[in-house]
């Protein structure tokens, strides 16, 4: 293109479509992040995971929920990008994700602080601390 010439309509149109596609992807990602937070059980799980990596059996014990329920909510949180997992033998461990998504990086400290202030969140964290103290050194199962 010569200096001072305007880009062709095709180039502008292509940039416009690319920008729209980026916005749609970003909106879908943002919606997925917030949808994952729209459930009390998932919020309780996130509150507990602010203490660090936990085994599914730890979450089951503290939440007093069956494995299938806890695992289903953990899968939802994992698919939304809030948690990541690792397998150790037959046990699955989960921790909060250190995300590249700017909104998620901003929301996580806020969630950590606010969930600990909500009575149910505070109660869960106290129960987790007691559970882990009693468990001290013993394995899952």
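Where a number appears in this text, it was derived from the coordinates with a stated rule and is not lab data. In this text the structure is predicted, and so the values were computed from the model without any measurement. Using ideal geometry, Cβ is built from the backbone for each residue, glycine included, and neighbour counts are taken over all protein chains shown.
If I model a spin label at residue 53 and residue 138 as a point 7 Å from the Cα along the Cα→Cβ vector, what separation in nanometres do I get?
2.2 nm
From the gyration tensor of the Cα coordinates in segment 39-135, what semi-axes in whole Å does the equivalent ellipsoid have, largest first, with each one equal to sqrt(5λ)?
19, 17, 12
On full extension of the chain, what length is gained from residue 78 through residue 114, given 0.36 nm per residue of separation minus the C-alpha to C-alpha distance?
10.9 nm
Suppose R0 equals 25 Å; then what is the FRET efficiency for residue 28 and residue 106 from their Cβ-Cβ distance, rounded to the nearest 0.05?
0.85
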